[in-house]
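Novice: Have a look at this one.
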Amino acid sequence: MELFLQMFPAALVMATPIIIAALGGLFSERSGVINIALEGIMLVGAFATAVTVIFLGESMGRAAIWVGLLVGALVGCAYSAIHAFVSIRLRADQTISGTALNMLSTGITVFLCQLIFQGQRSPNIPVSMPKISIPILKDIPILGRMFFNEAYPTFFIAVLLVVGAYFLLYKTRFGLRLRSCGEFPQASASMGINVAKMRYIGVLTSGALGGLAGGIMLLTTNIQFSVSVIHGVGFIALGCLVFGKWNPWGCLLTGVFFGFSEIISSYSGNIPGLSGMPTEFFYSIPYVLTIVALVLFAKRSIGPKAAGQIYDAGER
Amino acid sequence: MAYAVEMLNITKEFPGIKANDNITLRLKEGSIHALLGENGAGKSTLMSILFGLYQPTSGVIKVHGETIKEMDPNLATELKIGMVHQHFKLIESFTVAENIILGDEPVKNKMNVIDIKTANRKIKELSEQYGFNVDPNAKISDISVGMQQKVEILKMLYRDANILIFDEPTAVLTPQEIDDLIEIMKRLVKEGKSILLITHKLIEIKSVADECTILRRGKYIDTVDVKTTSIPEMAEMMVGRNVNFTIDKKPANPKEVILDVKNLCVENESKKQIVKDFSFDVRAGEIVGLAGVDGNGQSELIYALAGLMKASKGEILLCGEDIRNCSVKERFDKGMGHIPEDRHKYGLVLDFLLKENLILQSYADAPYAKHGILQMDIIDEHANKLIDEFDVRSGEGKESLTRSMSGGNQQKAIIARELDRSPKLLLVVQPTRGLDVGAIEYIHGRIVEERDNGKAVLLMSLDLDEILDLSDRIVVIHDGERTAFIDRDKTDFKDIGLYMAGEKHKEDTTHE
Amino acid sequence: MNNKTSALKVSLVSVGLGLLLGLIILVVSGYSPMVLFNAILRGLTGMTTQRPVFNLRNTGEFIVFSLPLILTGLSVAFAYKTGMFNIGAEGQFMVGACASVVVAILVPLPGILHVIASVLAGALAGALWGFIPGLLKSNFKINEVVVCIMLNYFGMYLSNFILKSLPGSSISKTVVIPSSASLSSEFLSGLTNHSRLHWGILIVAFCVFAYWFILNKTSFGFSLRATGHNEYAADYAGMKTKRNVVLSMMIAGALAGLAGAIMSLGVFNMGRVLSGFENYGFDGIAVAFVGAFNAIGIVLAGLLFGLLKVMAPLMQATGVPKEINEIISAFIVLFVAMQYGIRLLLTKLEARKHKKAKPKTLETSKEGK
Amino acid sequence: GGSDDKDKGSDDKSCKVKIGFVTDMGGIDDRSFNQGSWEGIKKFAEDEGLGDDCITYLESKAEADYVSNLTQLSEDGFDLVVAAGYLFEDAMKDVSAQFPETNFLIIDSVVEADNVQSAVFAAHEGSYLAGVAAALEAKALGSDSVGFIGGMEGPVIGAFQAGFEQGALAANPKAKIYVDYAGSFDDAGKAKTLAAKQYDAGVKVIYAAAGNAGNGVIQEAQERTEKGEELYTVGVDRDQYEDGKMASGDSVILTSALKRVDVATYDACKQILDGNFKAETITYNFDLDGVGFPEENPNLSEDITKALNDAIAGIKDGSIKVSEEAKITNGGTN
Ligand SMILES: Nc1ncnc2c1ncn2[C@@H]1O[C@H](COP(=O)(O)OP(=O)(O)OP(=O)(O)O)[C@@H](O)[C@H]1O
Ligand SMILES: Nc1ncnc2c1ncn2[C@@H]1O[C@H](COP(=O)(O)OP(=O)(O)OP(=O)(O)O)[C@@H](O)[C@H]1O
Ligand SMILES: [Mg+2]
Ligand SMILES: [Mg+2]
C-alpha cells in the first residue's frame, strides 16, 4: 500500500500527457480521421513549448510555462493542419499522411533546434512546472496523498479536459454532429452538416491537445528538449484510445493505467516477484497490452465506423 | 394550380455519364407525384439534386414559385423539403432521437447543450400522431428495417417538411408495411403536404400517385395522369418499347436434377436465421427463377449455394453430392458457375486487366498456370477467344483496364468467363441490373441458350418481369421461407406478387 | 498503361518537390544550396570541388546504405499489394537482425551453411513478426497499423533483451559473429576501394527479382493482387483471402527481416542493442511509395533514400544540420500521400497545355477514363 | 604510427595539423563526452592558432555511420581522427587497420593497434569523490541515505557505481546506498521517477551517472528544493553547476565528478603536433588530471572540500584502493 501511494503520483505524471494526447486522438477519430501523427504532433508541441519557455523564462518567470503550453498547443494545432488538409481536402490515405508527419517532426524540430540553439538539444528550461498541494483535500486519508499532495496542476488540467471532452462530445450539439461524421458522414451531410468542416475541427483539436500534451510531457518529465522527449508516448496514447473504447472516461482510466505501466519498471526493485525481471519486460508492457486489448475488443467493433474513410461528397 | 416544386431542364453529368439529361418535373401542391424509371434511369440523381446533395450541371429549381440559386441540404431543410433516401442514412450507434434531431437539435442554453427531453417529447408526439410507435431511446441497430424507415420519415416530419421525397421506400418493406406506408402517405397529403415518390412498382403508383413522370436512361419521357393511364402504358414508356417481353424461347426440356436443396438454413453474423428450411431443386435444361422482395433472404440463399456464407443446416446436393461444406473453389471445380449480383463488388477486380479477370477463378489451374507459374501466352489466347465469342468491347482489348469498361461490357465479360467454364449449374443473380435494353436482350438470350444446351440455371432477380420472362419454374421466398414453388405457366404476375408478400401457395401450405 | 505512367509522374513530381522544399529550407536558413549538390556528388563519387578524384569506396558505401532500404521498401510494397499497410517493417527489421545474430553465434554450422542458416533465421523472425498483424487482421479484422506500431516497440525491446543475454554480450552489443556466418566480402570490398559492400547485395538482387516474379508471373501473386484490389471478388473467385493476407504479411516481414539480417551479418558483424529506432523500416514506406510498388521503381527509390542517408554526415560537416535529409524524405512521403492533389494539378497543367496547343478539342480529352 | 604525412590532403597548406572528430549518436552537443572531446580539440586549435578548417567533426546518425565517418576523415588526410565512446570499438579496429598511416584516438575504450591511442578514465576513482561528498553532505543534513542513478547497467557505469559505493561507505560506514538504473541514457522521465523514489525514501544526495537522463534527477531535485526541501545532486562528467541552477540563482548541484575527456583529446592533439604520438592505452586518473572535481563548488562546505582533497591524496599515494566492482544490484540497497 505504501508503495502504491508512492507510485501513484509518479504514475499520474506519466499519465497526464498520455490522457491529453489520447483525448486528441479521440476528437480526430470521432470526426472520422485517424491520426497516427499524434507522436509527431507531441514532439512539435514540446519543441514549441521549450523554445517559448526558454526565451520568456528569464523575463516572465513562472508565467512563461503557461504561455509555453499555449504556444505548444497552437503549434500542434498548426502542424496538424497539414494532416487535416492533406487527408480531408486532398483525400490522402490518412495513415500515410500521418506517417509523413511523424517522419517530418523529428527532422524539423532538430533542424530548428540547431538553427536556434546551435545544438541538437535545447538549453535547460529555466523555470520548472510548480507542484501544488491542495490545502484541505490533501489531508484526506489515502486519496489526499494519491491526488492532492505535491501534484502537478497539469493532471487536474487533464481531468478537466476529460470532463470537458465528455460534455462537448456527448452533451452538446457540436458533439453529436462531430461524432456523426465519424460514424456515417453521408448521413451527416444529408442533414446539412458540413462534414469537411467538422473533420477539420476534429483534427485541429487533436493537434492542439497533442501539442499541449507534448508541452506538458516536456515540462514535467524533462529539463530540456531533445528528439527523445516523447519516446513513443504518442503511440501509447493511440493504444489508450483503443483500450478506452474511444470514450473520454476510458481515456482517463486507461491513461492512468498506462502511466502505471510506464513507471512500474522504476519500482520493480521494490515489488516482490518483479525485482528480477529484465527492464525490457517492463518497457514492453504498454505495447503488448495494447495488442491484447485489440484482440479482446475485436469482436465488437466499437470505434467510429467511418474513421479512416475518405469522405467524398460525390464531387468537388 | 400552384406548384410546390418545379425542376426545369435539369441536366447532371457524372464523369462518363449523363445521369440526367434535360429533365423537367413539376410537383403540384398537395399531391403525390411518382417518378418512374428503370435502374440507373437517373431518378435518385434527380432527387439528390432537388435536395441539394448534388449541384446540377444546368437547369433551374423553383420551390413554391421562387427560383433557388444554389440548393444545399440546409437550404432544402429550410424550404421544408425532406428526403427519405433509397439507402437509409441512419447512424447505427446513435439512438432514434439522436438520428432524428441531428442537424436541428433543440438546445438548452448558450453552451448548446442538447435538450434531449424536449426532443424526446416532440418525437413521441409526432410518432403518436402518425401511429408510428417508435421508442426515441432505442438504438438504430436494435430496431427493424420497417421501424428504421419510420425514423427516416420522422426525420422529415420533425423538420416540418411539407415537400417529402421518398426514394424507393417500399423495396425493403413487407407487404403489410407497404400498406401502412401508403396509408401514411395518403394522410400526409391530406394534411397539405406534397410528395415525390420513386418506385419501380406500377401497382403502388396506381394506388397512391396523382401524376407520374417517366425517365429513361437519363432522359425525360413524359408526365402522365395516373388515373387515366394504364399500367401497361406506363411500363411501355419506362422501357421504351412494347412491354410484351416474351422472349423467343422454346418450351423447356428438363432432365435429371442437378441442384437439390433440402431444408437449408442460413444464419447471419448475429446468429439470426435469414433462410429457413428452404427446399427446391433445379433440373438440367430448365431455368428456375428465385423471386422475392429485396431483403427476404434471397441473397443469403445464393451466398450459401455459392459458398460465400456457411449454411447452418440442411443439404446442398450438386449432382447428388452434398457440397455444403465445400470451399468456393471446390464448388467451381464440381461444376458450378456464378454470375454474382454486384459486378463491381464481387464479379470483377476492376483494377485488373480484362484478360486477368477472364481467369479469375481458374488462374491457378492448367492450362493457365503450370507449377504455379502463369502461362501468359495461353491466358492471352483465352482472352482473345472470349472477347471474340462474346463480343466484349473495350478500348484496348484484352489489355484494357476493367474499370474503364462500360457496365454492359463488364457484365458480358463475367458471363463470358462463367459460360466458358461450361458449368453444369449456373447461378445467375441480377444479371441485367443497370444495363441498357440491348445488353439485357443479349444476356437474356444467352441464358436461355445455356438452358437449351442442357444446363441447370437458377436465376435470382428483384425484377419480377425478368423472372417471369425467363423462368420455367419459379420459387418464391418471403422472410427466408419458401412460399411457392410452381411452374411458370401456372401462375402470373399478380399471384407471384402475393407469394412475395408472404401468402403461401396452396401446395406449399399443405406440404408442411 | 496510363495508370503506370501517372504513378511514375507522381513519384517524380514528389521527389522533385521534396528536394525543392529541402533546398528552400536550406536557403531560408542561410545556407548555400551548393552544400546539397556537393553532398550528393561526394556521397555518390567521393569527389569534392577540391579533390576531383573518383572514389569507388563512396559508391560502395552508398550502395551499402541503400540495400536495407530496398528490402524494407519491397516489404512495405509487398504487403501493400495485398491491401495491407506494413508500418511494422521497423520491428521486423530488428527481430530479423536479432535472430540472424542468435543463429550466427549460437548455432555452429560448417561453411556456407552457417551463413545461410543465419540469413534464413532473420527472414523467419521477420516473417513471424509479420504473421501476428496478418493473423489478427484476417481472423479478427483488427487494423494492422496499430498492431504493427506496437510490435515495433515490442520487437525492439525483445531483441535487445535476447541480444544482451547472449554469451559474451555487453550492454550495447554482442560478440563478433564467426566469420563463417558473415556476409562481408573481401572481394566486393576490394572492388570498391575497401567499402563495406557485402554479399547481401546478392540477396537484395534475388529479392527484387522474386518480388517482381511472384507478383507478376505466378498464380500465387495473381491471387495476392486480386485480394489486395478487391477482397470480395477474391472471395467470390474462391481464393483463400485470409490465408493470402497472412502469407503476404509474412513475406513482407521476411523481407524486412532480411534487411535486418544483412545489416547484422554484412555491415556490423555483430548484434547491436538499440536505444531507439533506426528508421530502416519507416524509410521503407517512403521507398515503396516513391517506387510506386514497382520492382525497378523500388530499387531506384532505395538508392535515392540511401543517398540521402550517406549525405547526412557530409552536410553536417559543412555546418548544415544533418536533419535536412530527414526533412526531405518526410516531404517526399507527404507529397506522395497528396497524389490526388498532384494528379489534379498535373491534369490541370496538361489541360492548359492542350488549350494553348488546340483550344477546341479540350472538352473531349479532359477525362480519359 | 606517428608519421607526419602533411601533404596527404591538398587543401591544408595553412594547417600545421588536421584533427578530425566523429561523434556517436549523442551528437556534438551532448553535454557529455562528445561535447567534451570536441571542446578539447577546439581549445587546442585556439592555443596553437589553427584555422577553423584544420579541425572538423562528423556526427553519426546511426551506427552504420561509424565506419563510414571514420573512413571519410581518414581518406581526407586528417592527421588525427578522434572517436568518442566505447560504441566505436569495432569500427575503430577496422578503420585503423585499413589506414595505417593515420593516427587515431579512441575515448573510453581500448583498441590495440600501432596507430591508435586509447584514452580510458579512472571513473571509479572520480566517483569515489562523489561518494565521499554525498555521504558527508547527507550526514550534515541528518541522514545516512545517498543514492546512485545510472544510465544503462554494465561494466562502464558499474565502475561509477563501484567508486560511489566505496566513497560513501568510507565517509560514513553507516551509509545506506540506493541504486537504480534508468535503462537508457536518454529517458529523463524515468530517471526523474527514480529520483523521486529515492528522495521519498529519505535520500539526501543522488549521484546521477546517466548521461542525458540525469537531467531528470536534477529537475526532481530542483522542484523539491524550491518547495523547501534540502537535498542535492552530484553531477557527472562535466561541471553541472549551471545545469542545476534555479530561479533563485542557487543550484542543486553539490559538486560534479569530472571526467576530463577534453584533457585527453588536447593531449593527443599536442602529441601529434609535437610528433610524439603514443599508440598506447593511457589511463586518465588524478595524476593526469583526467578525473577530479571542479575548482568552484559554491554548495560544498570547506570540511567536505578538504575530505575530497584528502581522498585524492590517498588514492594518489595508494593508501586508498578503489575497486571497479559494484556490489549493490539495480533497485536495491546495501
Ligand atoms: N456519384 C456518381 N458518380 C458517377 N456516376 C453516378 C454517380 N451517381 C450515380 N451515377 C450514375 O448515374 C446514373 C443514374 O443513377 P441513379 O442512381 O440516379 O439511378 P436510379 O434511377 O436511381 O437507379 P436505381 O433504380 O437503381 O436506384 C447511373 O448510371 C449511375 O451509375
Ligand atoms: N456510384 C458510382 N460512382 C462512381 N462512378 C460510377 C458510379 N456508378 C457508376 N459509375 C460509373 O459511371 C459509368 C456508367 O456506369 P454504367 O454502369 O451505367 O455503365 P454504362 O456506361 O451505362 O454502360 P452500358 O452502356 O454498357 O450499360 C461507368 O464509368 C461507371 O464506372
Ligand atoms: Mg436510385
Ligand atoms: Mg448503363
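The values are calculated or read from the model by the stated rules, or taken from the named source; none is laboratory data. In this text the structure is predicted, and so the values were computed from the model without any measurement. Glycine also receives a Cβ, built like all others from the backbone with ideal geometry; neighbour counts cover every protein chain displayed. Areas reflect the complete protein model, heavy atoms only, side chains present, ligands, DNA and RNA absent. Shrake-Rupley method; radii C 1.70, N 1.55, O 1.52, S 1.80 Å.
Novice: Any residue in the stretch B:170-177 that is within 16 Å of ligand 3 (Cβ to nearest atom), more than 25 Å from A:Glu183 (Cβ to Cβ) and either of a type outside the set (Gly, Ala, Ser) or part of a strand (DSSP E or B) (or both)?
Specialist: Yes, some residue in the stretch B:170-177 is within 16 Å of ligand 3 (Cβ to nearest atom), more than 25 Å from A:Glu183 (Cβ to Cβ) and either of a type outside the set (Gly, Ala, Ser) or part of a strand (DSSP E or B) (or both).
Novice: Name the pairs whose Cβ atoms lie under 6 Å apart, with the first residue in the stretch B:1-20 and touching a residue at least 60 places away in the same chain (Cβ under 8 Å), the second in a strand (DSSP E or B) and within 9 Å of ligand 1 (Cβ to nearest atom), and 6 or more positions between them or separate chains?
Specialist: From the stretch B:1-20, the pairs are B:Ala19/B:Lys12; B:Asn20/B:Lys12.
Novice: Given the conditions (1) away from chain B (no Cβ under 14 Å); (2) more than 30 Å from C:Ser29 (Cα to Cα), report the number of the one that A:Tyr166 does not fulfil.
Specialist: Exception for A:Tyr166: condition (1).
Novice: Hey, another quick one. Can you confirm whether the stretch C:71-80 contains a residue that is of a type in the set (A, V, I, L, M), more than 24 Å from C:Ile328 (Cα to Cα), away from chain D (no Cβ under 14 Å) and within 19 Å of the chain's Cα centre (by Cα)?
Specialist: Within the stretch C:71-80 (the criterion being of a type in the set (A, V, I, L, M), more than 24 Å from C:Ile328 (Cα to Cα), away from chain D (no Cβ under 14 Å) and within 19 Å of the chain's Cα centre (by Cα)), the answer is yes, since at least one residue qualifies.
Novice: For the stretch B:185-220, give me each residue that is surrounded by fewer than 19 Cβ atoms within 10 Å (Cβ to Cβ) and more than 23 Å from B:Lys494 (Cβ to Cβ).
Specialist: B:Arg187, B:Val189, B:Lys190, B:Glu191, B:Gly192, B:Asp210, B:Arg217, B:Lys219
Novice: What number of residues within the stretch D:163-183 are buried (at least 22 other Cβ atoms within 10 Å of the Cβ) and farther than 18 Å from D:Ala257 by Cβ?
Specialist: Adding up the residues that qualify gives 1.
Novice: With (1) more than 12 Å from every other protein chain (Cβ to nearest Cβ); (2) more than 27 Å from B:Arg283 (Cα to Cα) as the list, and B:Lys345 as the residue in question, which single condition is left unmet?
Specialist: (1)
Novice: Give just the number: which of (1) away from chain D (no Cβ under 14 Å); (2) farther than 23 Å from C:Ile116 by Cβ does C:Ala181 not satisfy?
Specialist: (2)
For every residue, the table says whether it meets (1) modelled with pLDDT of 90 or more; (2) buried (at least 19 other Cβ atoms within 10 Å of the Cβ); (3) of a type in the set (Lys, Arg); (4) farther than 28 Å from B:Leu462 by Cβ.
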{"residue": "B:Asp115", "(1), (2), (3), (4)": "yes, no, no, yes"}
{"residue": "B:Ala119", "(1), (2), (3), (4)": "yes, yes, no, yes"}
{"residue": "B:Lys124", "(1), (2), (3), (4)": "yes, no, yes, yes"}
{"residue": "B:Gln129", "(1), (2), (3), (4)": "no, no, no, yes"}
{"residue": "B:Ala138", "(1), (2), (3), (4)": "yes, no, no, yes"}
{"residue": "B:Met147", "(1), (2), (3), (4)": "no, no, no, no"}
{"residue": "B:Gln176", "(1), (2), (3), (4)": "no, no, no, no"}
{"residue": "B:Asp180", "(1), (2), (3), (4)": "no, no, no, no"}
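Novice: Another one. Out of the residues in the stretch A:283-310 meeting the condition of being more than 21 Å from the chain's Cα centre (by Cα) and open to solvent by less than 40 Å² (accessible area, probe 1.4 Å), tell me which one is nearest to the other protein chains (Cβ to nearest Cβ).
Specialist: A:Ala298
Novice: Out of all the residues in the stretch C:213-223, is one or more out of contact with any Lys or Arg (no Cβ under 7 Å at 6 or more places or on another chain), part of a helix (DSSP H, G or I) and either within 30 Å of D:Glu153 (Cα to Cα) or more than 12 Å from every other protein chain (Cβ to nearest Cβ) (or both)?
Specialist: No - not one qualifying residue is present in the stretch C:213-223.
Novice: While we're looking at this one, here's another question. Among what's in the stretch C:154-198 and is touching a Phe, Trp or Tyr at 6+ places or on another chain (Cβ under 7 Å) and aromatic (Phe, Trp, Tyr), pick the residue that is surrounded by the most Cβ atoms within 10 Å (Cβ to Cβ).
Specialist: C:Phe154
Novice: Mind checking which pairs have a first residue in the stretch D:45-71 that is surrounded by fewer than 17 Cβ atoms within 10 Å (Cβ to Cβ) and a second that is of a type in the set (Gly, Ala, Ser), Cβ under 6 Å, 6 or more apart or different chains?
Specialist: Pairs that qualify, where the first residue is surrounded by fewer than 17 Cβ atoms within 10 Å (Cβ to Cβ) and the partner is of a type in the set (Gly, Ala, Ser), are D:Gly51/D:Ser14.
Novice: Turning to a different aspect of this structure: A:Ala213 is checked against (1) aliphatic (A, V, I, L, M); (2) within 14 Å of chain D (Cβ to nearest Cβ); (3) in a loop (DSSP other than H, G, I, E, B) and fails just one. What number does that condition carry?
Specialist: Of everything listed in (1) aliphatic (A, V, I, L, M); (2) within 14 Å of chain D (Cβ to nearest Cβ); (3) in a loop (DSSP other than H, G, I, E, B), A:Ala213 misses just condition (3).
Novice: Considering the stretch C:133-153 alone, what residues qualify as being open to solvent by 50 Å² or more (accessible area, probe 1.4 Å) and free of Cβ contacts under 8 Å to residues at least 60 places away in the same chain?
Specialist: Of everything in the stretch C:133-153, those that are open to solvent by 50 Å² or more (accessible area, probe 1.4 Å) and free of Cβ contacts under 8 Å to residues at least 60 places away in the same chain turn out to be C:Phe140, C:Lys141, C:Asn143.
Novice: Tell me, please, whether a residue that is hydroxyl-bearing (Ser, Thr, Tyr), surrounded by 24 or more Cβ atoms within 10 Å (Cβ to Cβ) and under 30 Å from B:Glu418 (Cα atoms) can be found in the stretch C:246-259.
Specialist: The answer is yes; a qualifying residue exists.
Novice: Separate question: Might you check whether a residue that is under 22 Å from A:Ile18 (Cα atoms), part of a loop (DSSP other than H, G, I, E, B) and in contact with a Ser or Thr (Cβ under 9 Å, 6 or more places away or on another chain) occurs anywhere in the stretch A:152-163?
Specialist: Yes, the stretch A:152-163 has at least one match.
Novice: Go through the stretch B:430-465 residue by residue and tally those that are in contact with a His (Cβ under 9 Å, 6 or more places away or on another chain) and within 16 Å of ligand 2 (Cβ to nearest atom).
Specialist: So the count comes out to 3.
Novice: I need the full set of residues from the stretch A:109-126 which are touching a helix residue (DSSP H, G or I) at 6+ places or on another chain (Cβ under 6 Å), at the interface with chain C (Cβ under 10 Å from one of its Cβ atoms) and among the aliphatic types (A, V, I, L, M), in order please.
Specialist: Result: A:Val110, single match.
Novice: I'd like to check something: does the stretch D:217-239 contain any residue that is part of a loop (DSSP other than H, G, I, E, B), out of contact with any helix residue (DSSP H, G or I) (no Cβ under 6 Å at 6 or more places or on another chain) and within 11 Å of another protein chain (Cβ to nearest Cβ)?
Specialist: Taking every residue of the stretch D:217-239 in turn, at least one turns out to be part of a loop (DSSP other than H, G, I, E, B), out of contact with any helix residue (DSSP H, G or I) (no Cβ under 6 Å at 6 or more places or on another chain) and within 11 Å of another protein chain (Cβ to nearest Cβ).
Novice: Grab the strands (runs of 3 or more DSSP E) fully contained in the stretch B:1-71, keeping just those with 1 or more residues being within 14 Å of chain C (Cβ to nearest Cβ), over 18 Å from B:Leu196 (Cα atoms) and within 16 Å of ligand 4 (Cβ to nearest atom).
Specialist: B:3-14, B:17-28
Novice: Can you pull out the residues in the stretch A:80-91 that are surrounded by fewer than 24 Cβ atoms within 10 Å (Cβ to Cβ) and either aromatic (Phe, Trp, Tyr) or at the interface with chain C (Cβ under 7 Å from one of its Cβ atoms) (or both)?
Specialist: Result: A:Phe85, A:Leu90, A:Arg91.
Novice: Among the residues that make up the stretch C:115-130, is at least one of them more than 23 Å from C:Ser165 (Cα to Cα), surrounded by 24 or more Cβ atoms within 10 Å (Cβ to Cβ) and not basic (Lys, Arg)?
Specialist: yes
Novice: Across the stretch B:2-50, what is the number of residues that are at positive phi and more than 16 Å from ligand 3 (Cβ to nearest atom)?
Specialist: Result for the stretch B:2-50: 4.
Novice: Determine, yes or no, whether B:Phe390 is in contact with a helix residue (DSSP H, G or I) (Cβ under 6 Å, 6 or more places away or on another chain) and more than 10 Å from chain C (Cβ to nearest Cβ).
Specialist: yes
Novice: Taking the options B:Ser394, B:Ser406, B:Ser461, name whichever one is more than 25 Å from B:Phe280 (Cα to Cα) and within 16 Å of ligand 1 (Cβ to nearest atom).
Specialist: B:Ser406
Novice: Just a yes or no: is a residue in the stretch C:267-278 hydroxyl-bearing (Ser, Thr, Tyr), assigned to a helix (DSSP H, G or I) and within 12 Å of another protein chain (Cβ to nearest Cβ)?
Specialist: So far as the stretch C:267-278 goes, no, none of its residues is hydroxyl-bearing (Ser, Thr, Tyr), assigned to a helix (DSSP H, G or I) and within 12 Å of another protein chain (Cβ to nearest Cβ).
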